[in-house]
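The values are calculated or read from the model by the stated rules, or taken from the named source; none is laboratory data. Nothing here was measured: the structure is a model prediction, and the numbers come from that model. Neighbour counts run over all protein chains shown; Cβ positions are idealised from the backbone, glycine included. Heavy atoms of the whole protein, side chains included, go into the accessibility calculation; ligands, DNA and RNA do not. Shrake-Rupley method; radii C 1.70, N 1.55, O 1.52, S 1.80 Å.
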Amino acid sequence: EIKSRGRNGVMVYNTLFTDKVLKRSALMSDLNLAITQDQFEMYYQPIVCLKTDTLLGAEALLRWHHPTRGTVAPGEFIAFAEENNLILELSALVFEKCLEDALRFGPHLHKNKPFTLAINVSSQEFFSEDYAQKVTAKLEDFAIAPSMIELEITETYLMRNPHVAVETIGYLRKSGLHIALDDFGTGYSSLNYLKNLPIDKLKIDQSFVRACLESHEDMAIVEAIVTMAKIFGMKVHAEGVETKEQAAVLKNLGCDVCQGYYYAKPLPFEAFITYMKESL
Ligand code: C2E
Ligand code: MG
Ligand code: MG
Ligand code: MG
């Protein structure tokens, strides 16, 4: 009895293990194929000014059109790509797509209304050799004004190499790009470091935004981030805004910019253009 139970135990373990290995290798080959065949598309989520209720730009969010699984969100493959040496190839593809789309946005934009395209940057990409120089060279190739682009980096990986990070950000800023600190509040950067970071804005993580109406603590965190950002001369951006009430509270707290399902979900390019026309 004990033996067979033990045996069953081993079998269960083996099945799970094999499952995991199979899933990993399937994902690996699927992702490799996806990169070669370019099964990716950028979706765009509106970014809105809380004070004037006008459109300021969009965040580019990656989607994978998997041949059998349908549209897959980045939560399911970005970390995997980072762990398996695929992220640099994928990031290059993403950046290229964003710049192609940036050119396609051109004819739809107002001459005197700035429009910023925000692009998420992965850790390995950010710390890759000559990253900042490569970014500015690419923008020159595409003839895109650096001021149209905002790069979103996260505090979790900044602190892996604070000195290199400051240098890279400094170079990008001098070249005219905007830099936002994404998912702010979930990392552990020291305030002393943050004080000297030449960044344009903090994006308050959605977890605080979501909870701010129900919890005094989360409300206090949002307030503290807003206050600190103002003192440091940075803008504050709230992400994950899902209700009118949240937008109103954030506006009252002095938040500058926001983004979330309350305004719109991430949209394919054409749908975003339609949204843009309707919101003008
Ligand atoms: P993120 O940069 O913090 O992006 C915000 C995420 O929140 C997006 O998920 C967006 O769809 C979602 N979101 C926006 N508004 C709301 C809302 O009101 N409610 C809720 N529940 N969610 C909302 P998504 O597109 O699945 O992306 C997840 C993460 O994957 C991103 O978080 C970012 O870290 C990463 N990511 C996305 N695209 C790229 C990319 O092109 N390159 C890299 N390196 N990372 C990317
Ligand atoms: Mg982001
Ligand atoms: Mg975020
Ligand atoms: Mg995130």
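For the Cα atoms of the chain, what angle does the longest principal axis make with the long axis of helix 2-37, in degrees from 0 to 90, nearest 10? Between helix and principal axis, roughly 40 degrees. Where the centroid of each part is defined by its Cα atoms, how far is the range 167-209 from the range 77-99 in Å? Cα centroid of the range 167-209 versus Cα centroid of the range 77-99: 21 Å apart. Stokes-Einstein diffusion for the chain at 10 °C, viscosity 1.306 mPa s, with a Kirkwood radius from C-alpha pairs, works out to 78 µm²/s.
Net length available on complete extension from Asn85 to Met228 is 47.8 nm, with 0.36 nm assigned per residue and the Cα-Cα distance removed. Available extension along the chain between Ala137 and Glu217 is 24.4 nm, counting 0.36 nm per residue and deducting the alpha carbon span. Label Lys51 and Phe127 with points 7 Å out from Cα along Cα→Cβ: what is the distance between them in nm? My value for the distance between the label points is 3.8 nm. Shown are Tyr171, Tyr188, whose ranking by accessible area with a 1.4 Å probe and every protein chain present, most to least, is Tyr188, Tyr171. For Ser123, the solvent-accessible surface computed with a 1.4 Å probe is close to 10 Å², ligands and nucleic acids excluded. Sparsely packed loop sites in the range 92-195 (the GluC sites (Glu not before Pro) outside DSSP H, G, I, E and B with at most 14 other Cβ atoms within 10 Å) comprise Glu129.
Counting only protein heavy atoms and using a 1.4 Å probe, what share of the accessible area of the range 73-217 belongs to carbon plus sulfur, as a whole percent? Solvent-exposed carbon and sulfur of the range 73-217 make up 52 percent of the total. Per-residue SASA remark: His163, around 150 Å² accessible (1.4 Å probe; ligands, DNA and RNA not included).
Using only the alpha-carbon atoms, how far is helix 87-105 inclined from the longest principal axis of the chain? Give it as 0 to 90 degrees, nearest 10. In the chain, helix 87-105 runs at an angle near 40 degrees to the longest axis. Modelled spin labels at Ser147 and Lys251, positioned 7 Å past Cα toward Cβ, are 2.7 nm from each other.
Specify whether the C-alpha gyration tensor of the range 138-232 places it in the rounded, prolate or oblate class, a ≥ b ≥ c being the square roots of the eigenvalues: rounded for a/c under 1.5, otherwise prolate if a/b is larger than b/c and oblate if not. Because a/c hits 1.5 or more and a/b exceeds b/c, the range 138-232 counts as prolate.
Only Lys, Arg, Asp and Glu carry charge here, each on its Cβ (+1 for the first two, -1 for the last two); on that basis the chain has a dipole of about 200 debye about its Cα centre. Be a star and scan the range 137-157 for residues whose amide nitrogen sits under 11 Å from the point 7 Å along the Cα-to-Cβ vector of Leu103. Counting only backbone N, you get 141-144. Remark: relative contact order (the chain) = 18 percent; criterion is Cα-Cα distance under 8 angstrom and separation of 6 or more residues. In the range 33-115, inverting the average of 1/r over every pair of distinct C-alpha atoms gives 14.5 Å as the Kirkwood radius.
With both labels modelled 7 Å from their Cα along Cα-to-Cβ, the His110 to Ala92 distance reads 3.9 nm. Segment Lys244..Tyr188, full-extension length gain: 17.1 nm, with 0.36 nm per residue of separation and the alpha-carbon distance subtracted. The residues of the chain expose, per residue, 53 Å² of accessible area to a 1.4 Å probe.
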